[in-house]
1. So, R0 is 45 Å and r is the distance between the beta-carbons of K71 and T334; what FRET efficiency does that work out to, to 0.05?
2. Please list, ordered by chain and number, the residues whose modelled amide H lies under 5 Å from the amide H of V38; skip anything fewer than 5 residues away on the same chain.
3. I need the shape label for region 527-649. Rule: rounded when a/c is under 1.5, else prolate if a/b > b/c, else oblate, with a, b, c from the alpha carbon gyration tensor.
4. Which FRET efficiency, nearest 0.05, do K717 and L531 yield, Cβ-Cβ r, R0 56 Å?
5. Using alpha-carbon pairs under 8 Å, 6+ residues apart, how would you state the relative contact order of region 440-519 in percent?
6. How large, in Å, is region 97-235 by the Kirkwood hydrodynamic radius built from its alpha-carbon pairs?
7. For region 695-813, rounded, prolate or oblate, judged on the Cα gyration tensor with a ≥ b ≥ c (square roots of eigenvalues), a/c < 1.5 rounded, else prolate if a/b > b/c?
8. Taking amide H positions as placed in the peptide plane 1.01 Å from N, state which residues far from G310 in sequence (5 or more) or on other chains have amide H under 5 Å from it.
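The values are calculated or read from the model by the stated rules, or taken from the named source; none is laboratory data. Treat the numbers as computed from the prediction; the structure is a model and nothing was measured. Neighbour counts run over all protein chains shown; Cβ positions are idealised from the backbone, glycine included. To get the accessible areas, we keep the full protein, side chains included, count just its heavy atoms, and leave off ligands, DNA and RNA. Shrake-Rupley method; radii C 1.70, N 1.55, O 1.52, S 1.80 Å.
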Amino acid sequence: MKVMKFGGTSVGTAERVNRVADLTIQSFNEDPSGVCLVLSAIGGITDMLIDCAKTAESDWNNALEKFNAIKAKHFEVYGAELQNPQAKKDAENMFTELYDIYRGINLVRECSLRTMDLIVSFGERLSARLMTAMIENKGFKVTFVDARNLVRTEKRFNGARVFFASTHEAINQFIQQGQIYVITGFIASCEEGITTNLGRGGSDYSAAIIAAALHVEKLEIWTDVDGFMSADPRLVPDAFVLPRVSYEEAMEMSYFGAKVIHPQTLVPAIQKNIPVLIKNTLRPKSSGTIISKQAGDGDHPVKGIASFAGISLINVQGSGMVGVPGVSGRLFATLAKADINVIMISQASSEHSICFVVKTEQAQEACEVLKKEFESEILARKIDTIEAVDDLTMIAAVGENMHGTPGIAGKLFAALGTNAVNVIAIAQGSSERNVSLVVNSKDAVKAVNVIHSSFYLSTRSAHLFIMGTGNIGKTLLSQVSGASKKLFKESDLSLLVCGIANVEKMVFDRKGLDVERWQSILDEKGEPVDLDMWINRILLMNLSNVILVDCTASADIASRYTSWLEQGLHIVTPNKKANTMGLDYYKGLRKLTRDHRLHYMYETTVGAGLPIINTIQSLIHSGDTVTRIEGILSGTLSFLFNRMSHDFSFSQVVRYAFENGYTEPDPRDDLAGMDVGRKLLIMAREIGLNLELDDIHVKALIPAEWRQLSMQEFWQKLPSLDEQYEDMLNAAHQENKVVRYLAEIQDGKCSVQIRTIDVQSDLAHCKATDNIVRIFTHRYVETPLLIQGPGAGREVTAAGVLADIISLAFHLN
Ligand code: ADP
Ligand code: ASP
Ligand code: MG
């Protein structure tokens, strides 16, 4: 004898009910000892029945429409069976009775819990009756069973406790070997014959009760997914089927919201040691999940993650609770008396507060009964707060092997921390089989995904979203493609480019784009770009360890960093704009990264790939104080002053640099010195100076008014400066000096200007497009710390961005 349960998801369409009938018959043919087919209402019908009853309390016309929709749904799914005269008559009788009940509700304007239980029973009764007809039509003898005649419960509505002894007796008396039975799931009756039920989703439990009563070898639960999965597949796209799950794991997961089985289902199965097999009606050949005594071998410590929304946290707080025995006893007794189910408890060790979790629909009542119970303590100010926080979701990480595996909670909370998910309350079951926590519902999907990937992806993954496909972005993409295989092999780090955007288009792929083909993918699949949409789409993916890489020079993009960090996205950029905006914005950025363990990395904003920012930060973190910085910070201007001589005039060198791509598209951007000014400001802020861009004294290499000229006029005017620069070079030469465009921070002041420098100085030996920075500190007093090398160019800059990305990814979980 076999018990097979098919849920609402398996009886949602005419095609699906047909599959259910075929699978039942196939099973009976394979094993003629008999089949008990336990059936749910058509998917969605229970909700429709309830909704119609509530509507009938006040609005008959609307209720009538809903009633007709319920009827129509049955005709849609079981249309063929409703041709069978007997089935048609039975169904019509049921619809007439249901109509009368709704009419009655409308007359008295009230639907009691008892009536509601009667109403919802029609869902299973109709479905099972019509399935009986369907199997009969296929030529098999089959018996329809109204489970109200078998399953006995207490007299309580909307989920009653089962009386096992009388239920088992009734089942064993009625069910005979060698038959096919179609049995209504979910519904039951109490001793007086009044209709009750086993609570929402209770058909699984009905099946388990029948399986236990009949001592069957195996209970099959057929649904619309391939088995018990590591997380709810609707929330976690990477969830996968678990081949073996222990009873305890399945029980904890379903208690914490894994809807695939009703939490109580396993109790009868455990008692009789009956394995439960979860199968997919739509893919019967897939192997499914076995739930039994044993968990799988070599399982991850965390087997699954479950969550349920719609909970509230109630906090009872007051100094008068400290050391007073019995407060929690009274508290929980009061809640129990009011039938309020406490889902999770966490007590502060000071006993100063107790917080616990209940369903939101019971939260107000919980506060009221507690306020009444502790009235005198409240008056005496021994308890000052009893309040509920709503819109919360509970999440549990469950696994048999968590027991005795150190560091699980640490890893879990670190993963949430680096992804900016705030945890509101925590509890660990003493069995160490679960860690549960409460988060704001708005963070829930992300939290579940973050925990899932931190425990299941065998490698560390960072998900990159690259903005800008100009020189740096393009080069970075090709470098990522080259570096990622090695990183994966040698360091267990997987860098996935999950999105690319440029000024025109954007493209996404949560599994990682093929970076070697990024250009054609963007051309072919790219959607029109929109910055808000870009971020929304990224957030909707709910990936962990998301790094936005801004390879643009856009101030608009930079001004959004704070809001992106607030959403838990890390940022890496060579864009100087954010660090040189107003001081308030800059400080806001720092505060966010500090407070939320987020990362904002910008090494390449000064000196391209040279380790200037990191060096300054390391000096400061190790307790040193930077007293002075001087340097040549523009590759373009470095080239200019290296090349200028008797043979090459100022204007000729500018032209040459322009023609060879060493300048910005408009060379005035370099000659104005502002780019160097920005770099200097970034360093100044790094060493703690509270300066604005206006505070940087920048002396341009060309008159300010040349900004207004056309390019042509500019080129015409440029030679007028040649003499002045030649004089300057000659004067310097005579004193054994060279001319350089120097950036300096000293005594809290910043300047960028032309200076003559002794030929012996390091600053004079700066070659080609090199940058050089001399850092004087309390430790580096006589001789400065010197950093020198190419300070511009797409390869070195992109490599610096990649280095930031990799070091950030190693920080993540
Ligand atoms: P049925 O109607 O068959 O009883 P349910 O809707 O009650 O189906 O339960 C199946 C659904 O449970 C799946 O469609 C899936 O979305 C959801 N679910 C939630 N958590 C899990 C999980 N851990 N594994 C599998 N399914 C899950
Ligand atoms: N039809 C019931 C419900 O929707 C029982 C079940 O499907 O298991 O809750
Ligand atoms: Mg279900």
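1. Plugging the Cβ-Cβ distance into 1/(1 + (r/R0)^6) gives 0.50.
2. Counting only residues 5 or more places away or on other chains, the set is M4, K5, F6, I183.
3. Here region 527-649 falls in the oblate category.
4. E between K717 and L531, to the nearest 0.05, is 0.90.
5. Computed over region 440-519, the figure is 30 percent.
6. Its Kirkwood hydrodynamic radius stands at 16.5 Å.
7. oblate
8. Correct list: L392.
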